[in-house]
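Okay, so here's the structure we're looking at.
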Amino acid sequence: MKKIYFIVFILSLMCGCQGKDPKPLNFSGENKNWSANVNVSPTKNDKEIALIKLNYLGKQPESIGDFGVNLENSNNKNGIGIRDIQLDQEGKFNGEIEVNTDKEMNTSDPLVLTVKWNDESEDIVLKAK
């Protein structure tokens with residue numbers, strides 16, 4: 001009988017220690033030429049996936065050509081980037097970046113998305129929704 005109680009106790013401890021996956025975090029921001037939404041979802045091994053939705057607010061999105069983005073947060077000061085990407089015909093880009101982190105992201109820390117195109121560069125400060 002003691003074994004059964006012990007097994008039930010261990011199983012309840014194991015179930016109680018399993019945490020739910022944290023909810024994805026949503027960030028958004030806008031500047032003169034761009035608006036952006038970033039959805040950050042946790043994965044395993046201290047990594048998070050950042051889904052980036054970027055919109056060009058100017059006219060003639062075809063004038064942008066190849067461009068790059070760099071995402072920075074308090075966990076990875078050096079940033080993670082994507083290069084040689086293009087907007088679609090509507091001036092939009094959707095992409096994904098895997099971010100290595102050593103601590104959990106939180107909503108109090110803003111993200112900074114830097115967009116570089118045609119020898120220009122703009123930072124978009126993204127705040128939690």
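Among the residues of region 83-96, is any at pLDDT below 90 and either crowded, with 16+ Cβ neighbours inside 10 Å or outside any strand (DSSP E or B) (or both)? For region 83-96, residues at pLDDT below 90 and either crowded, with 16+ Cβ neighbours inside 10 Å or outside any strand (DSSP E or B) (or both): absent.
Pairs linking a residue in region 113-129 that is under 14 Å from GLU30 (Cβ atoms) to a residue that is among the small types (Gly, Ala, Ser) and crowded, with 19+ Cβ neighbours inside 10 Å, with Cβ atoms under 6 Å and 6 or more positions apart or on different chains, are LEU113/ALA36; ILE124/ALA36.
The values are calculated or read from the model by the stated rules, or taken from the named source; none is laboratory data. All values derive from a computational prediction rather than experimental measurement. Because the Cβ atoms are built from the backbone with ideal geometry, glycine has one as well, and the counts that use them run over all protein chains shown.
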